[in-house]
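What follows is one structure encoded as structure tokens, with my remarks underneath.
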DNA sequence: AATGTCAATGAATGTCACTTTCATGATGGC
DNA sequence: GCCATCATGAAAGTGACATTCATTGACATT
Ligand SMILES: [Mn+2]
Ligand SMILES: [Mn+2]
Ligand SMILES: [Zn+2]
Ligand SMILES: [Zn+2]
């Protein structure tokens, strides 16, 4: 799926008349081969060891591009940093966030999604998106 | 319930050895008689007309005290400002947020809450809190 | 009522995570 | 290869908090 996302991004870029650069290639590769839910700072630091010449602003702008292209999603978990996670076409999930170690787990629940639709319908709301986050202690941190 | 919350706050303050001041009284009164989901800035501006001598920092610190005392809750709706809403003992609700006009509606759904518990249990997570927000167009903005 | 002590206030400043600017460098259509 | 555009990154700007510190105020005590 790494290849598929690279294609999606390449198509988006050419369709927008934007250019392919070494930096963007490196950042995309690093993003796709990293854990999910990375902050700009984290990705920047991860890149820095191998590519000290890539600036923070470029990482920042490139992650925005990923989001625009639909291969990444911006997330806020309340830790003061914007995080980016991988997105696959048509896929959706919500999150369990550990308040002690920061571990993030993903889940899907079709019934919850349906109930949300019902709530929105009953109020005349047209849903664009939603966020459901459960905060607490992960299995490890409970021990 | 305005009186009840004032009592809760007064008890919290005396139990913590903190002092009662004109500013805190005024801010509490203004907060309790305002719409829900106000930002610090909004409350500060609302106060400013009648009480131009109350500083931003005092509003900021006093809202934090309300949250500590359990009569207010900090919320992030992604508009870049922290919002505070009234909290009543034992009460919980989630939100529908209009992305066009900013209107915020509240809802409760016992079934969704139960399903969340199930999800957390199945992963060994111990829930501390959760947030569920549905973003979209409100009935008014759909017209 | 005056005093003493410690918390409260608010103008100013600091912090932090973006966000934008601008001079310089790279890309790619012709 | 030329050159109009786009991209880059160091530096500066922004905005919403968060903290500092000199001064003021609350209130228990005298
Ligand atoms: Mn995720
Ligand atoms: Mn609410
Ligand atoms: Zn954990
Ligand atoms: Zn609306």
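The values are calculated or read from the model by the stated rules, or taken from the named source; none is laboratory data. All values reported here derive from a predicted model rather than from experimental measurement. Backbone-built Cβ (ideal geometry, glycine too); neighbour counts: all protein chains shown.
Annotations for the structure displayed:
- Check on residue A:90, loosely packed, with under 15 Cβ neighbours inside 10 Å, within 16 Å of DNA strand D (Cβ to nearest atom) and at pLDDT below 95: no
- The single condition among (1) surrounded by 14 or more Cβ atoms within 10 Å (Cβ to Cβ); (2) more than 16 Å from ligand 1 (Cβ to nearest atom) that residue A:42 does not meet is (2).
- Among the candidates B:127, B:134, the residue that is at the interface with chain A (Cβ under 8 Å from one of its Cβ atoms), within 16 Å of ligand 3 (Cβ to nearest atom) and in a strand (DSSP E or B) is uniquely B:127.
- Among (1) at pLDDT below 95; (2) farther than 26 Å from residue A:122 by Cα; (3) not in a helix (DSSP H, G or I) - the single one residue B:102 does not satisfy: (2)
- Any hit, the stretch B:45-56, residues being farther than 26 Å from residue A:81 by Cβ and touching a residue at least 40 places away in the same chain (Cβ under 8 Å): no
- Test for residue B:32: is it closer than 28 Å to residue B:91 by Cα and either more than 18 Å from the chain's Cα centre (by Cα) or free of Cβ contacts under 8 Å to residues at least 24 places away in the same chain (or both): no
- Only residues that are assigned to a loop (DSSP other than H, G, I, E, B) and loosely packed, with under 12 Cβ neighbours inside 10 Å were counted in the stretch A:105-118, giving 1.
- So residue A:142, is it within 16 Å of ligand 3 (Cβ to nearest atom), touching a strand residue (DSSP E or B) at 6+ places or on another chain (Cβ under 7 Å), more than 8 Å from chain B (Cβ to nearest Cβ) and over 30 Å from residue A:5 (Cα atoms): no
- Residue B:40 falls short of the stated requirement of being closer than 29 Å to residue A:81 by Cβ and in contact (Cβ under 8 Å) with a residue 60 or more places away in the chain.
- Residue within the stretch B:37-46 that is assigned to a helix (DSSP H, G or I), within 16 Å of ligand 2 (Cβ to nearest atom) and either within 14 Å of another protein chain (Cβ to nearest Cβ) or touching a strand residue (DSSP E or B) at 6+ places or on another chain (Cβ under 8 Å) (or both) present: yes
- Looking only at the stretch B:84-107, and only at residues there that are away from ligand 4 (no atom under 16 Å from the Cβ) and within 12 Å of another protein chain (Cβ to nearest Cβ), the one that is farthest from residue A:115 (Cα to Cα): B:93
- When the criteria are applied in full, residue A:90 fails the requirement of being outside any helix (DSSP H, G or I) and under 26 Å from residue B:126 (Cα atoms).
- Against the criterion of being away from ligand 2 (no atom under 13 Å from the Cβ) and away from chain A (no Cβ under 13 Å), residue B:112 does not qualify.
- For the stretch B:78-87, a residue qualifies if it is surrounded by 14 or more Cβ atoms within 10 Å (Cβ to Cβ) and either over 20 Å from residue B:45 (Cα atoms) or within 16 Å of ligand 3 (Cβ to nearest atom) (or both), and exactly one does: B:87.
- Residue match in the stretch A:61-78 (condition: under 18 Å from the mean Cα position of the chain (by Cα), assigned to a loop (DSSP other than H, G, I, E, B), within 26 Å of residue B:108 (Cα to Cα) and away from DNA strand D (no atom under 16 Å from the Cβ)): no
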